[in-house]
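Inspection log for the structure reproduced underneath, given as structure tokens.
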Amino acid sequence: MAGEFALVVSPRLLHELQSVLARERFRRYFTYEEATEYVSWLHHGAEVVRDPAEGVVRGAVEADPDDEYLVGLAGTLGGDDSYLLSVDRHLLDLPDQAVKDGEGRTLARILTPREFVREIEQEASPG
């Protein structure tokens, strides 16, 4: 991780996030306006890349094919320090908690946000 990271999102991811955060069950945590402001902040503060082409990844997330675009997105960004952050069980249950290419090479690790922060803290701590 080496101290810096880029937050990367796509239009589809932002749209899905806006739809989820608009659900009534989240009103006890934040208002609809706060949710909209957060998504806008992400749109302007993150690196926005194109959505992966439909069907690029098929069968990667059998339990929830709607999540396959996230695997495709993470796969296009693949590198030694690429991560897909999610709390979605369908993604976290993928083999080795990783996005892999056709030859089995890891393109991105899948972590919860909490796990990601823990890794950053461990790397930053002396010793």
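Pick from segment 86-114 the residues that are part of a helix (DSSP H, G or I) and among the aliphatic types (A, V, I, L, M): which of them is surrounded by the fewest Cβ atoms within 10 Å (Cβ to Cβ)?
So, considering only residues that are part of a helix (DSSP H, G or I) and among the aliphatic types (A, V, I, L, M), the one surrounded by the fewest Cβ atoms within 10 Å (Cβ to Cβ) is 92.
Can you say whether residue 105 is of a type in the set (Lys, Arg) and touching a Phe, Trp or Tyr at 6+ places or on another chain (Cβ under 9 Å), as far as the supplied structure shows?
No, not satisfied.
Given the conditions (1) small (Gly, Ala, Ser); (2) assigned to a helix (DSSP H, G or I); (3) at pLDDT below 90; (4) more than 19 Å from residue 116 (Cβ to Cβ), and given that residue 75 satisfies all but one, which numbered condition is not satisfied?
(4)
Has segment 100-116 got any residue that is of a type in the set (Ser, Thr, Tyr) and either more than 20 Å from residue 52 (Cα to Cα) or modelled with pLDDT under 80 (or both)?
Looking through segment 100-116, at least one residue is of a type in the set (Ser, Thr, Tyr) and either more than 20 Å from residue 52 (Cα to Cα) or modelled with pLDDT under 80 (or both).
Before we move on, is residue 91 farther than 17 Å from residue 14 by Cα, at pLDDT 85 or above, among the aliphatic types (A, V, I, L, M) and touching a helix residue (DSSP H, G or I) at 6+ places or on another chain (Cβ under 7 Å)?
Yes; evaluated as a whole, the condition is true for this residue.
Pick from segment 1-16 the residues that are surrounded by 12 or more Cβ atoms within 10 Å (Cβ to Cβ) and more than 17 Å from residue 51 (Cβ to Cβ): which of them is nearest to the chain's Cα centre (by Cα)?
Residue satisfying both the conditions and the ranking: 5.
Could you tell me how many of the residues in segment 17-47 are among the aromatic types (Phe, Trp, Tyr) and surrounded by fewer than 10 Cβ atoms within 10 Å (Cβ to Cβ)?
Qualifying residue count, segment 17-47: 1.
Tell me, please, whether a residue that is of a type in the set (Gly, Ala, Ser), modelled with pLDDT of 80 or more and within 18 Å of residue 12 (Cβ to Cβ) can be found in segment 48-71.
No, segment 48-71 contains no residue that is of a type in the set (Gly, Ala, Ser), modelled with pLDDT of 80 or more and within 18 Å of residue 12 (Cβ to Cβ).
For segment 117-124, does any single residue satisfy the condition of being free of Cβ contacts under 8 Å to residues at least 12 places away in the same chain, among the basic types (Lys, Arg) and closer than 22 Å to residue 51 by Cα?
Checked segment 117-124: no residue is free of Cβ contacts under 8 Å to residues at least 12 places away in the same chain, among the basic types (Lys, Arg) and closer than 22 Å to residue 51 by Cα.
The values are calculated or read from the model by the stated rules, or taken from the named source; none is laboratory data. Because the structure is predicted, anything quoted here is derived from the model rather than measured. So basically every Cβ, Gly included, is an ideal-geometry build from the backbone, and we count neighbours across all protein chains shown.
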